[in-house]
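Reading through the structure tokens given below for one structure.
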Amino acid sequence: MHSSAYVSEDTIEAKSHLWLDRIRQAVAPRPQLQLDLSRSALLVIDMLRYFAAARGRCYLPATAAIVPRIAKLIKVWRHHGALVVYTQHCHKGAHDLGMLGRFFSDHIDCNEPQAQIIGALEPLPSEPIFRKITYDAFLGTQLESTLRQKKVEQVLITGVLTHMCCDTTARAAFCRGFEVYVPVDATASSTEELHVGALLGLADSVAIPMSTVEILTRCPTKA
């Protein structure tokens with residue numbers, strides 16, 4: 001997979017404004033949908049060493065810019081006692097590779113260190129981690145039942161890759177009746193074209209795009 005350093009910590013704020021301007025010019029607003037932390041869960045999708053550590057086999061340089069933003073969102077959700085959920089994409093053997101085994105030559109083994117969530121976003125012992133074996137975080141997991149049990153009606157999707165697991169999980173959430181929100185500067189892909197293209201498609205069909213600044217303004221952390 002070709003990956004480019006299309007955004008950095010120094011440029012991500014300006015880039016996010018450009019992305020949102022482009023999306024909002026192309027997609028009609030949906031003012032009837034408003035993020036409400038008390039009804040929402042924060043999903044941290046596949047922020048593994050494989051993707052988000054500099055020595056990861058599929059390192060995405062853009063993850064360096066989004067990690068601090070995801071960390072801020074996690075801090076706010078935890079502060080308010082809201083649900084934070086993680087996914088871990090990995091495989092236990094050839095039997096669970098599915099189509100990914102035919103489509104890609106490299107796979108994440110659950111027993112290897114690269115399958116672990118990066119330390120900067122380490123889950124608390126009480127926070128659920130759902131292992132998944134395909135793009136959709138709902139398929140074959142207890143994610144939906146956990147959200148229902150916690151009375152969650154909205155999901156805020158962060159992580160990687162925007163055009164793969166984030167996109168598919170967002171669409172799966174929508175089809176299950178959840179409101180979907182995607183921070184454009186807390187998800188990342190391998191190239192800017194794929195990232196923005198996925199965001200445009202999501203905004204047009206299933207999700208509300210936002211920036212982390214917009215989210216944090218609505219959901220501040222008290223000192």
Could you grab me the full set of residues in the range 1-44 that are aliphatic (A, V, I, L, M) and assigned to a helix (DSSP H, G or I)? ILE12, ALA14, LEU18, LEU20, ILE23, ALA26, LEU37
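Please determine, by comparing only the residues of the range 58-75 that are without any contact (Cβ under 8 Å) to a residue 60 or more places away in the chain and not in a helix (DSSP H, G or I), which one is surrounded by the most Cβ atoms within 10 Å (Cβ to Cβ).
Once the filter is applied, the top-ranked residue is TYR59.
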Among what's in the range 45-57 and is touching a residue at least 24 places away in the same chain (Cβ under 8 Å) and part of a loop (DSSP other than H, G, I, E, B), pick the residue that is surrounded by the fewest Cβ atoms within 10 Å (Cβ to Cβ). ARG57
Sort out which residues of the range 183-223 are without any contact (Cβ under 8 Å) to a residue 40 or more places away in the chain and among the aliphatic types (A, V, I, L, M), and write them in order of number. LEU194, ALA198, LEU202, VAL206, ALA223
Among strands (runs of 3 or more DSSP E) completely within the range 80-195, the ones holding 1 or more residues that are of a type in the set (D, E, K, R) are 129-132, 179-183
Residues being touching a strand residue (DSSP E or B) at 6+ places or on another chain (Cβ under 6 Å), surrounded by fewer than 19 Cβ atoms within 10 Å (Cβ to Cβ) and of a type in the set (Gly, Ala, Ser) - total across the range 135-174: 0
Output for Cβ contacts, cut-off 6 Å, separation at least six or different chains, first residue within 16 Å of SER190 (Cα to Cα) in the range 1-23, second basic (Lys, Arg), reads VAL7/LYS15
Within the range 166-190, restricting attention to residues that are of a type outside the set (D, E, K, R) and touching a Phe, Trp or Tyr at 6+ places or on another chain (Cβ under 8 Å), which residue is nearest to TYR6 (Cα to Cα)? VAL184
Could you look through the range 76-133, keep only residues that are surrounded by 15 or more Cβ atoms within 10 Å (Cβ to Cβ) and among the basic types (Lys, Arg), and pick out the one that is farthest from the chain's Cα centre (by Cα)? ARG78
Is one or more of the residues making up the range 84-101 within 16 Å of PHE130 (Cβ to Cβ), among the polar types (S, T, N, Q) and touching a residue at least 24 places away in the same chain (Cβ under 8 Å)? yes
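Values quoted throughout were computed directly from the atomic coordinates according to the rules given, and no laboratory measurement underlies them. The structure displayed is predicted, hence computed values, not measured ones. We place every Cβ from the backbone using ideal geometry, glycine too, and count neighbours over all the protein chains shown.
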